[in-house]
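The values are calculated or read from the model by the stated rules, or taken from the named source; none is laboratory data. Please read all numbers here as calculations on a predicted model, not as lab measurements. Note that we place each Cβ from the backbone using ideal geometry, even for glycine, and neighbour counts take in every protein chain shown. Areas reflect the complete protein model, heavy atoms only, side chains present, ligands, DNA and RNA absent. Shrake-Rupley method; radii C 1.70, N 1.55, O 1.52, S 1.80 Å.
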Amino acid sequence: MAMVLAREHSRAAPAATMILLTMSLGVLIAQIDTSVVNLAVKQIGAKLGAGVTALQWVIDAYNLVYASLLLTAGTLADLYGRRRIFALGIAAFTLGSLICRLAPNAAVLVAGRAVAGLGAALEVPTSLAILTIAYPDTRERTRALGLWASCNGLAFVIGPTIGGVLVDAVGWRSIFLLIVPLCVATLALTATSVPESKDPKGRTLDLFGQMLAIAALGALSLAVIQGPHWGWMSLASALSFAISIGAAALFLWRQADAHGALVPLPMLRNRVFSASLGVALGMTFGM
């Protein structure tokens, strides 16, 4: 990554290159966490006495909060400052990782994972907005976004490798400390290299839409994870699926009607955009 960024330095201003490095570290942090924790579930279950359902929540508490709050994070950044929200996300990620490191039981571990998911939701979309400002030239921006996106793949190379060694040699708690130095470095770079920017014009917080999104994703996750325990034909499973479907339908209705929608539905008419969403959906579902 350093060599690629060095080549980028020759094309772009030094300030923009430092911003690219900082934003790339941000996405690297979020994706390393995803790839590493999966390796440790067996040890976590053995050490904390956690069953399969609890271990599923260890993984999905992060994913659920991350996915649910992505929608609002971009709006918060536009309203209150992109650098501020990015730094807040990295700080939340650090706190969540430390909670996981010290967790005495599965419930606290799940809570720590949720805090880390909040951090990822705040920093990942904001990093894209910051890069867009740092690279006004279309060609340079495309190159920078390509490098930013490549950090997703890099995380899935180095994360399982380093994480596997740590889990075997030191124990599962060490994987959460792996993230902390990267978070500290990213916060330092943010403070020294990233200028503040925001664009509040025409932006509003759609709290009702956000709550509907959380309800749809949360109820679906609850039904899928608890379904084997409750029974797929049980009242609790049926009610969870019904809440998810109903909340999703209301969310779409809200987005078609609301000013400052979280998901502007006309964008879905763009075939390239919709195809990209389909690819991302397939990749994430596979993971």
*Could you list, in sequence order, the residues of region 22-53 that are among the aliphatic types (A, V, I, L, M) and open to solvent by less than 30 Å² (accessible area, probe 1.4 Å)?*
Met23, Leu25, Val27, Leu28, Ile29, Ala30, Ile32, Val36, Val37, Ala40, Ile44, Ala50
*Any residue at all in region 86-99 that is farther than 20 Å from Gln31 by Cβ and not β-branched (Val, Ile, Thr)?*
no
*Would you be able to tell me the number of residues in region 145-170 that are among the β-branched types (Val, Ile, Thr) and free of Cβ contacts under 8 Å to residues at least 24 places away in the same chain?*
4
*Taking only region 145-172 into account, find how many residues are over 29 Å from Gly81 (Cα atoms) and assigned to a helix (DSSP H, G or I).*
14
*asked:* Take the residues in region 97-116 that are in contact with an Asp or Glu (Cβ under 9 Å, 6 or more places away or on another chain) and not aliphatic (A, V, I, L, M); name whichever of them is surrounded by the fewest Cβ atoms within 10 Å (Cβ to Cβ).
replied: Ser97
*For region 149-173, which residues satisfy the criterion of being open to solvent by less than 30 Å² (accessible area, probe 1.4 Å) and on the phi < 0 side of the Ramachandran plot?*
Cys151, Ala155, Gly159, Gly163, Gly164, Val167, Trp172
*Among the residues listed as Ile179, Ile90, the single one being in a helix (DSSP H, G or I), crowded, with 22+ Cβ neighbours inside 10 Å and modelled with pLDDT of 95 or more*: Ile90
*What are the residues in region 228-240 that are surrounded by fewer than 17 Cβ atoms within 10 Å (Cβ to Cβ) and under 21 Å from Phe285 (Cβ atoms), if any?*
Pro228, Trp232
*How many residues does region 200-227 contain that are of a type in the set (D, E, K, R) and crowded, with 17+ Cβ neighbours inside 10 Å?*
1
_Which listed residue, of Thr284, Thr192, is within 25 Å of Val52 (Cα to Cα) and open to solvent by 60 Å² or more (accessible area, probe 1.4 Å)_ = Thr284
_For region 193-233, which positions are touching a residue at least 40 places away in the same chain (Cβ under 8 Å) and within 30 Å of Pro14 (Cα to Cα)?_
Ser193, Val194, Pro195, Glu196, Ser197, Lys198, Asp199, Pro200
*Scan region 239-287 for residues that are of a type in the set (Lys, Arg) and touching a residue at least 24 places away in the same chain (Cβ under 8 Å) and report the count.*
1
*Go through (1) more than 28 Å from Val37 (Cβ to Cβ); (2) out of contact with any Asp or Glu (no Cβ under 6 Å at 6 or more places or on another chain) one by one and return the number of the condition Arg203 breaks.*
(2)
*Filter region 129-144 down to residues that are free of Cβ contacts under 8 Å to residues at least 24 places away in the same chain and assigned to a helix (DSSP H, G or I) and give me whichever is most open to solvent (accessible area, probe 1.4 Å).*
Arg139
_Residue among Ala50, Ala16 that is outside any helix (DSSP H, G or I), modelled with pLDDT of 80 or more and more than 21 Å from Pro181 (Cβ to Cβ)_ = Ala50
